[in-house]
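Novice: One structure is given below, represented as structure tokens, and several questions about it will come after.
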Amino acid sequence: MRGNRGVGEAHGFAQPDRGCSSQARVEFECGDLGHFRRHWIALLEAQGAPCSPIHDLAEAIAQPQVDALGIIQQVPGEAFTLTGLPLSIDGVRPRITAAAPALGSDPRGHGIERG
């Protein structure tokens, strides 16, 4: 006999069938992640515990602070962005100034010397 209920059970979350596959369990537990986050943040904040949501990559990149800090930078001459350096020098974040040389291309002009 179980002496106490699991955290999810104690707070009204249904439990998946114990015999289900790992994939089915993940889909069951993460079905409405927004509801899950809101519930736990409200519960923790009501107790005075500092907390915030954990974002997936797309949510993290969409945060206004990421844009304000210039962390995500366009690569010159390319159709993609990369994460810039996580630091600033004299209040300025170093920019990505060139793409990496193409495989097998001449490395001159890219700070690479052949030995």
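Matching residues to (1) more than 17 Å from the chain's Cα centre (by Cα); (2) at pLDDT below 90:
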site: 64; (1), (2): no, no
site: 67; (1), (2): no, no
site: 70; (1), (2): no, no
site: 80; (1), (2): yes, no
site: 83; (1), (2): no, no
site: 89; (1), (2): yes, no
site: 100; (1), (2): yes, yes
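Novice: For segment 49-95, how many residues meet the condition of being among the acidic types (Asp, Glu), surrounded by 11 or more Cβ atoms within 10 Å (Cβ to Cβ) and either assigned by TED's automatic domain parsing to the domain that holds residue 36 or within 30 Å of residue 36 (Cβ to Cβ) (or both)? Outline the logic, then answer.
Specialist: First, pick out the residues of segment 49-95 that are among the acidic types (Asp, Glu): 56, 59, 67, 78, 90.
Pick out the ones that are also surrounded by 11 or more Cβ atoms within 10 Å (Cβ to Cβ) and you get 67, 78.
Next, from what is left, pick out any that are either assigned by TED's automatic domain parsing to the domain that holds residue 36 or within 30 Å of residue 36 (Cβ to Cβ) (or both): 67.
Count: 1.
The values are calculated or read from the model by the stated rules, or taken from the named source; none is laboratory data. All values reported here derive from a predicted model rather than from experimental measurement. Quick reminder, even Gly has a Cβ in these numbers, built from the backbone with ideal geometry, and neighbours come from all protein chains shown.
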